[in-house]
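Please read the structure below before turning to the comments.
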Amino acid sequence: MPASYVIDMDGVIYHGHRLIPGAEDFVARLKAGGHKFLFLTNNSQWTPRDLRYRLESLGISVDESAFHTSALATAEFLRQQRPGGSAFVIGGAGLTNALYEAGYTLTERDPDYVVVGDTRSYDFEKIERATRLILGGARFLATNLDLTGPSEDGIQPACGALVAPIELASGKKAYFLGKPNPLMMRTALKKMGAHASESYMVGDRMDTDIIAGTEAGMRTILVLSGVSTPETIEAYPFRPTHVYEDVGKIPVEELG
């Protein structure tokens, strides 16, 4: 049976609105080889529809079902933990839509949870509101712990950087649902109908993608088109199974 692939997006398939060389060919070879694959992203701003449109505009056509985000993982976690609960949300449409679809009510009054995700809409008032709600008893969740992420203009702040001021002000630590939390990998594999031992995690970050795949029992592929470099690999006690310059260099036919 052909191997399955869980593939990070930012820094692996694209930078902002620029497709990384070899990405279109990589996806075409996965399709031709009959491989199951799922695009996985810690960025919680976007809905699967947004992501499908973005890839289509870059020349890669896949169904909405081919995407799994930290927002979807967070919504699934909340649906299981407290069905029909409520949340105060700092985040984009990807997160708010996922919570609505999970049956959650979004509110600023006595929510069960404060949930923070990636967003460009972030200000002092939201930090203040989140802090007071957490001190009032709301549980504190965040979609991912990435401090930064790649873009076509360079490194940009990510969810972990938005969470930090609220953690400092409230004295409470957030529980992060995205990579490297193994829960996200398990929900992704379940969605794809694949076994960890027969799957590859493809990513550009040692501290999220590669450790998440390793801890989930998957083989891992690090690409050097995003955040991590050959030098940063040496800083970690674990290693990727394979390292390639970009996804276009991954020999899908040889890996199985």
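The numbers here are math on the coordinates, done by the rules we state, and not lab data. None of the values given here were measured: they were computed from a predicted structure. Backbone-built Cβ (ideal geometry, glycine too); neighbour counts: all protein chains shown.
The table that follows gives values for the structure above.
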item	result
The chain - convex hull of alpha carbons, volume per residue in Å³	119
Lysines whose Cα lies under 22 Å from that of residue 173, excluding same-chain neighbours fewer than 8 positions away	126
Beta bridges per DSSP with both ends in segment 72-176, % antiparallel, nearest 5	25
Neighbour net charge for residue 98 - beta-carbon separation under 14 angstrom, K R +1, D E -1	-2
Anisotropy class of segment 72-176 from Cα gyration tensor, a/c 1.5 cut	oblate
Cα gyration tensor shape for segment 16-87, rounded if a/c is under 1.5, else prolate or oblate	prolate
Lysines with Cα under 25 Å of residue 191, excluding same-chain neighbours fewer than 8 positions away	31, 36, 179
The chain - share of DSSP beta bridges that are antiparallel (%, nearest 5)	15
Mean ellipticity per residue at 222 nm, deg cm²/dmol - from DSSP H runs of n ≥ 4 across the chain, formula -39500 (n - 2.57)	-10000 deg cm²/dmol
Cut-off 14 Å between beta-carbons: net charge of the residues surrounding residue 127, Lys and Arg +1, Asp and Glu -1	-1
Considering only segment 1-85, percent of DSSP beta bridges that pair antiparallel, nearest 5	20
